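**Student:** Before we start, here is the structure in question, set down as structure tokens.
The values are calculated or read from the model by the stated rules, or taken from the named source; none is laboratory data. Computed from a predicted structure; not experimentally measured. Counting neighbours? That spans all protein chains shown, and the Cβs are built from the backbone with ideal geometry, glycine included. The accessibility values were calculated without ligands, DNA or RNA, using every heavy atom of the protein model including side chains. Shrake-Rupley method; radii C 1.70, N 1.55, O 1.52, S 1.80 Å.
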Amino acid sequence: MAEFERLLALYEEIWHFEPGDPPITIELLRALSHAGNYVAGAYDGERLVGGSAAFFAADGALHSHITGSAAGRGVGLELKLHQRRWALERGVRRITWTYDPLVRRNAHFNLAKLGARPQEYLPCFYGVMNDAINHGDESDRLLASWQLTAPHVEALVRGEPHDVPRPPDAAVALADEDGRPVTRRAGAATVLVALPADIEALRRADPGMAKAWRHAVRDVLGGLMADGAAVTGFCEKSFYVVER
């Protein structure tokens, strides 16, 4: 229980949740762990620097509910690779999780470094959130699917280069023009959807512009996915690559 308390305190340091509104409780962490689900912590010596909790889904996948870590130290990647090994040891071949489609670094991490692929666009999935990072924003999410034994995933796990070049025939469907989202006509088979440079800072500095980005990405990326298009990568640390 003391370790679960430390993990919840770490999550509080990262997200600064409203009092009484954590994303997971100590009791639930205890129950998930006791029932054989995935609850792991990453340590630097005696200091807890990251942690993750996941549970088995009805479709046989492992669904990763929350992962948080100290920034800029590679802890998040080590946690995901540990989670992958843990799943494979139990015969699980796919891990899913949700993430905010507007956060560039998360999109790059999930798609370019891990090789996960967005499966579904989920508008306002958790309602309006009140933690310090997401305060007042609608909680659109992408459901990411990580095929653990796919060739491109295994190559990334081996440490092979993960940079994705811009497809030469791609057209920009959503552009970033001086910080503003601008929708363009794009009839190409492969299109690019831009993200703002730093949506978390933008929420604080200009909530109206942050909301404009939220709805632009929902309309363009969500619309493309609803029509059957597939997100196949993330290039230049700025654009979703979408193939119709």
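**Student:** Only one residue in 214, 158 is open to solvent by less than 30 Å² (accessible area, probe 1.4 Å) and basic (Lys, Arg), so which one is that?
**Tutor:** When all the criteria are applied, what remains is 214.
**Student:** So, residue 53, is that one closer than 22 Å to residue 92 by Cα, in contact with a Ser or Thr (Cβ under 6 Å, 6 or more places away or on another chain) and open to solvent by less than 50 Å² (accessible area, probe 1.4 Å) or not?
**Tutor:** Considered against the rule, which asks whether it is closer than 22 Å to residue 92 by Cα, in contact with a Ser or Thr (Cβ under 6 Å, 6 or more places away or on another chain) and open to solvent by less than 50 Å² (accessible area, probe 1.4 Å), residue 53 comes out as no.
**Student:** Residues of the range 168-211 being under 30 Å from residue 78 (Cα atoms), surrounded by 13 or more Cβ atoms within 10 Å (Cβ to Cβ) and of a type outside the set (Lys, Arg), which ones?
**Tutor:** Within the range 168-211, 192, 193, 194, 195, 196, 198, 199, 200, 202 meet the criteria.
Yes or no, residue by residue, for (1) part of a helix (DSSP H, G or I); (2) under 26 Å from residue 221 (Cα atoms):
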{"site": "11", "(1), (2)": "yes, no"}
{"site": "42", "(1), (2)": "no, no"}
{"site": "51", "(1), (2)": "no, no"}
{"site": "83", "(1), (2)": "yes, no"}
{"site": "101", "(1), (2)": "no, yes"}
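**Student:** Separate question: Across the range 1-13, what is the total count of residues that are crowded, with 16+ Cβ neighbours inside 10 Å and among the aliphatic types (A, V, I, L, M)?
**Tutor:** 3
**Student:** List every residue pair whose Cβ atoms sit under 9 Å apart, with the two residues 6 or more apart in sequence or on different chains, where the first one lies in the range 1-23 and is within 17 Å of residue 50 (Cβ to Cβ) and at pLDDT 90 or above and the second, anywhere, is open to solvent by less than 50 Å² (accessible area, probe 1.4 Å) and of a type in the set (Phe, Trp, Tyr).
**Tutor:** Within 9 Å, the pairs are 11/17.
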